[in-house]
Amino acid sequence: MFEEIYDYLVQNTINHPFQAFFNLFNVTLFFSPFSIFQPFLAAIGFGRLGPIAASCAAWFQSSFGTPLPFRVFQSAAMGGYGTACINAVSRGFSGAFTGGGAVLNGFWGMMTGNGTAAG
């Protein structure tokens, strides 16, 4: 039984690599959103001790101060309340992507008459 499931998953991944990638991304976004956002926050200059010198975050702070999104991102990078905010928002997006994909898949199946977007 498990071998059949494994073979199906491997074949489906070979036949639909982009769909498999986005499914994996969506699962990761839902169950471990910070694993996706932490490298992004570090890349734009939000460090564990504050904005990293000469980064986009440091430039933004010196130009515009610290509006709410900046404070949330910095808090998330430091492991504070921003982490929960980013996790909640990203899980909402994950749910929206999943629901939107299901609706589009059903719509595509109705339009083509074969009941599946994959064909």
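Every read-out reported here was derived from the displayed coordinates using simple, explicitly stated rules and does not represent laboratory data. Owing to the predicted nature of the structure, the values given are computational and were not obtained by experimental measurement. Heads up, the Cβs are rebuilt from the backbone with ideal geometry, glycines too, and the neighbour counts pull from every protein chain shown.
Quick look at the numbers
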read-out	value
Helices (runs of 4 or more DSSP H) contained entirely in region 9-119, each with at least 2 residues that are in contact with a Ser or Thr (Cβ under 6 Å, 6 or more places away or on another chain), without any contact (Cβ under 8 Å) to a residue 24 or more places away in the chain and not acidic (Asp, Glu)	81-112
Leading residue by the ranking (surrounded by the fewest Cβ atoms within 10 Å (Cβ to Cβ)) among those in region 84-97 that are touching a helix residue (DSSP H, G or I) at 6+ places or on another chain (Cβ under 6 Å) and under 14 Å from VAL27 (Cα atoms)	ARG91
